[in-house]
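**Student:** Take this structure first; my questions come after.
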Amino acid sequence: MDQTARKARPILEAASRPILPRHVKLRFDKTRDRWIILAPERVLVPDDISVEVLQLCDGVRRISDIVAVLAEKYAADPDLIQTDCLALLQDLADKAFLLTVTEPSP
Amino acid sequence: MTDQTPPVADFQLVTRAGEEGGQRTTYGIPLAVLAELTHRCPLQCPYCSNPLEMEVASKELTTAEWCSVMDELAEIGVLQIHFSGGEPTVRKDLTELVRHATKVGLYSNLITSAVMLTKARLQDLADAGLSHVQISVQGAEDGLADRVGGFKNGHAKKLEAARWTREVGLPLTINAVMHRQNLHQLPQIIDLAVALDADRLEVANVQYYGWALKNREALIPSFAQVEETNRIVAEAQDRLAGVLDIDYVVPDYYAQRPKQCMGGWGRQFFNISPAGKVLPCHAAESITGMEFDSVRGNKSIRWIWDNSEAFNTYRGTGWMPEPCESCEFKEIDFGGCRCQAHALTGSAGNTDPACAKSPLHAEIFARAATEAAEGQDRFIYRNFSGGTAEDEVS
């Protein structure tokens with residue numbers, strides 16, 4: 001996984017396999033009784049759906065796989081979920097809070 | 001701090017942390033703490049945010065004292081610690097402190113001038129669990145940058161340390177403190193941040209208290225420079241979306257509305273000085289007559305946060321005079337900066353003159369414009385002996 005070069009904007013698509021980098025931590029904060037994301041000099045407060053999406057970002061699942069899991073669980077329209085997922089993850093990737101694992105060369 | 005970091009912009013995303021059940025509380029559990037480990041620093045930046053009267057090494061908290069402070073912070077529910085100074089890498093125990101932060105679950109950021117870092121030390125810090133490095137730059141090239149920092153070869157060392165930061169896999173923020181004498185290099189500083197593979201750039205115009213106030217006539221930009229800066233930043237933010245996240249702190253003498261300093265006094269953050277004073281912000285000691293509790297006293301940090309006079313005097317909106325009291329923005333900017341109000345009006349309880357509604361705003365704006373046009377460029381360098389004028393430095 002290449003974490004060093006980031007000269008171009010990462011554009012996420014259904015086949016991308018997202019993962020949180022080491023310096024971005026999704027954590028349940030017992031004091032505040034809510035999920036939080038810790039990032040460089042920032043604390044983000046994700047909503048419940050964002051938390052579910054991020055918990056599925058393991059660098060193995062593609063975004064399309066994540067969408068399938070959620071579509072089945074909530075019996076919801078996959079297209080709608082994919083649109084929301086991509087928007088959320090692209091926003092995080094733009095801030096370097098999310099990486100995508102590139103396909104190893106065959 | 002070596003430089004002025006803008007805690008203002010950093011935590012914009014967490015305004016919800018103070019709300020429960022739709023009901024906004026005046027303050028919550030602090031999110032982050034700025035740990036000023038020392039006031040010692042090899043650089044002498046004329047806009048340093050440290051107080052004019054700095055704390056000497058012999059008064060600094062020990063390793064054990066900082067570790068005990070971190071235990072308490074984690075217990076309260078503080079999430080992040082920013083190791084700053086002075087220059088935090090002056091402390092030989094920095095890696096040990098980072099390791100302890102990691103152990104107790106605090107997310108750690110290092111805010112550094114970087115001139116004393118080696119690759120081995122960065123690797124040790126990363127191994128100890130450090131999550132992020134912020135490196136300051138004083139300009140885009142050696143000549144100007146080293147003159148502003150008052151430190152030979154400093155700029156070159158920073159660039160080297162920035163590359164090592166990325167090589168050991170740590171995310172990098174470049175902090176560029178901007179003023180009249182370096183704003184013309186902003187486009188090159190933006191290019192530099194991209195070339196160094198930084199994720200984020202803070203374009204932070206100097207805020208005028210402490211050392212910066214002492215140097216104001218050498219630092220304050222013209223209004224035309226500010227307008228040009230606004231344009232450069234907006235263009236770069238658009239062009240570099242997804243490549244470099246640019247935070248921008250405007251010089252508030254020329255602003256219409258004051259900055260939301262520290263996310264509101266005593267609302268989300270606090271600062272611990274090298275000798276252990278618990279401060280609502282890093283410049284709070286410039287407010288004369290205000291007393292601050294210390295972690296060396298017999299009170300817990302939680303008690304100090306909830307009950308101390310320093311935190312409660314300007315917390316929330318109850319203390320506000322007009323025009324703040326009836327202002328629709330009072331829960332957005334919380335009346336601006338108390339330290340600036342003190343510095344410019346003589347009372348920290350007045351409306352921040354950066355606000356267009358302040359009766360002093362027009363005067364401040366005019367004074368800034370005059371100083372920018374007529375002020376001399378000579379710096380007074382920051383040091384422990386009250387400052388040294390640039391032309392007295394050999």
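**Student:** Can you find a residue that is part of a loop (DSSP other than H, G, I, E, B), at pLDDT below 95, more than 12 Å from every other protein chain (Cβ to nearest Cβ) and surrounded by fewer than 22 Cβ atoms within 10 Å (Cβ to Cβ) anywhere in region B:55-65?
**Tutor:** There is at least one residue in region B:55-65 that is part of a loop (DSSP other than H, G, I, E, B), at pLDDT below 95, more than 12 Å from every other protein chain (Cβ to nearest Cβ) and surrounded by fewer than 22 Cβ atoms within 10 Å (Cβ to Cβ).
**Student:** Return the residues of region B:52-86 that are acidic (Asp, Glu) and closer than 16 Å to residue B:301 by Cβ; say none if nothing qualifies.
**Tutor:** B:65, B:71, B:72, B:75
**Student:** Looking at the structure I just gave you, is residue B:114 within 20 Å of the chain's Cα centre (by Cα), away from chain A (no Cβ under 14 Å) and at positive phi? It would help to see each step written out before you state the result.
**Tutor:** Working: within 20 Å of the chain's Cα centre (by Cα): yes; away from chain A (no Cβ under 14 Å): yes; at positive phi: yes.
In short, yes.
**Student:** Which of the residues belonging to region B:154-196 are crowded, with 24+ Cβ neighbours inside 10 Å, touching a residue at least 60 places away in the same chain (Cβ under 8 Å) and among the polar types (S, T, N, Q)?
**Tutor:** B:175
**Student:** Considering only region B:276-309, how many residues are touching a residue at least 60 places away in the same chain (Cβ under 8 Å), in a helix (DSSP H, G or I) and of a type in the set (Gly, Ala, Ser)? Explain how you work it out, then say what you get.
**Tutor:** Step one: of region B:276-309, the residues touching a residue at least 60 places away in the same chain (Cβ under 8 Å) are B:276, B:281-283, B:285-287, B:295-296, B:300-302, B:305.
Remaining after also requiring in a helix (DSSP H, G or I): B:285-286, B:301-302, B:305.
Okay, now just the ones that are also of a type in the set (Gly, Ala, Ser), so B:286.
Residues that pass the stated criteria total 1.
**Student:** Could you look through region B:216-246, keep only residues that are within 20 Å of residue B:196 (Cα to Cα) and in contact (Cβ under 8 Å) with a residue 24 or more places away in the chain, and pick out the one that is farthest from the other protein chains (Cβ to nearest Cβ)?
**Tutor:** The residue in question is B:232.
**Student:** What tally of residues in region A:12-43 results from selecting those that are in contact (Cβ under 8 Å) with a residue 40 or more places away in the chain and assigned to a strand (DSSP E or B)?
**Tutor:** Qualifying residue count, region A:12-43: 4.
**Student:** Follow-up question, since we're still on this one. Please identify the pairs in which a residue from region B:56-72 that is without any contact (Cβ under 8 Å) to a residue 24 or more places away in the chain has its Cβ atom under 8 Å from the Cβ atom of a residue that is surrounded by 15 or more Cβ atoms within 10 Å (Cβ to Cβ) and among the charged types (D, E, K, R), counting only partners at least 6 apart or on another chain.
**Tutor:** Partner pairs satisfying both residue conditions: B:57/B:40.
**Student:** Please work out which one of (1) without any contact (Cβ under 8 Å) to a residue 60 or more places away in the chain; (2) over 19 Å from the mean Cα position of the chain (by Cα) is the condition residue B:199 fails and give its number.
**Tutor:** For residue B:199, the exception is condition (2).
**Student:** Those residues that are of a type in the set (Ser, Thr, Tyr) and at pLDDT 95 or above, I need them from region B:230-276; list them, please.
**Tutor:** Of everything in region B:230-276, just one residue is of a type in the set (Ser, Thr, Tyr) and at pLDDT 95 or above, namely B:273.
**Student:** Kindly list the number of the only condition in (1) outside any loop (DSSP other than H, G, I, E, B); (2) within 21 Å of the chain's Cα centre (by Cα) that fails for residue B:74.
**Tutor:** Result: residue B:74 fails condition (2) only.
**Student:** To continue, here is another question. Checking the conditions here, which among B:317, B:345, B:351, B:370 is out of contact with any Asp or Glu (no Cβ under 7 Å at 6 or more places or on another chain), touching a residue at least 24 places away in the same chain (Cβ under 8 Å) and among the hydroxyl-bearing types (Ser, Thr, Tyr)?
**Tutor:** Result: B:351 is the single residue among B:317, B:345, B:351, B:370 that is out of contact with any Asp or Glu (no Cβ under 7 Å at 6 or more places or on another chain), touching a residue at least 24 places away in the same chain (Cβ under 8 Å) and among the hydroxyl-bearing types (Ser, Thr, Tyr).
**Student:** Determine if region B:117-139 includes at least one residue that is touching a Cys at 6+ places or on another chain (Cβ under 9 Å) and part of a strand (DSSP E or B). I'd like the intermediate steps shown before the answer.
**Tutor:** Within region B:117-139, the subset touching a Cys at 6+ places or on another chain (Cβ under 9 Å) is B:136, B:138.
Narrowing the set further to residues that are part of a strand (DSSP E or B) leaves B:136.
Looking for residues that are touching a Cys at 6+ places or on another chain (Cβ under 9 Å) and part of a strand (DSSP E or B), one finds at least one in region B:117-139, hence yes.
**Student:** Quick one: how many residues across region A:33-51 are crowded, with 16+ Cβ neighbours inside 10 Å, more than 10 Å from chain B (Cβ to nearest Cβ) and acidic (Asp, Glu)?
**Tutor:** Here the count works out to 0.
**Student:** Tell me, please, whether a residue that is crowded, with 19+ Cβ neighbours inside 10 Å, more than 14 Å from chain B (Cβ to nearest Cβ) and either touching a residue at least 40 places away in the same chain (Cβ under 8 Å) or out of contact with any helix residue (DSSP H, G or I) (no Cβ under 8 Å at 6 or more places or on another chain) (or both) can be found in region A:88-102.
**Tutor:** no
The values are calculated or read from the model by the stated rules, or taken from the named source; none is laboratory data. Quick caveat: nothing in here was measured; it's all calculated off a predicted structure. Please note: Cβ atoms are built from the backbone with ideal geometry, for glycine as well, and neighbour counts cover all protein chains shown.
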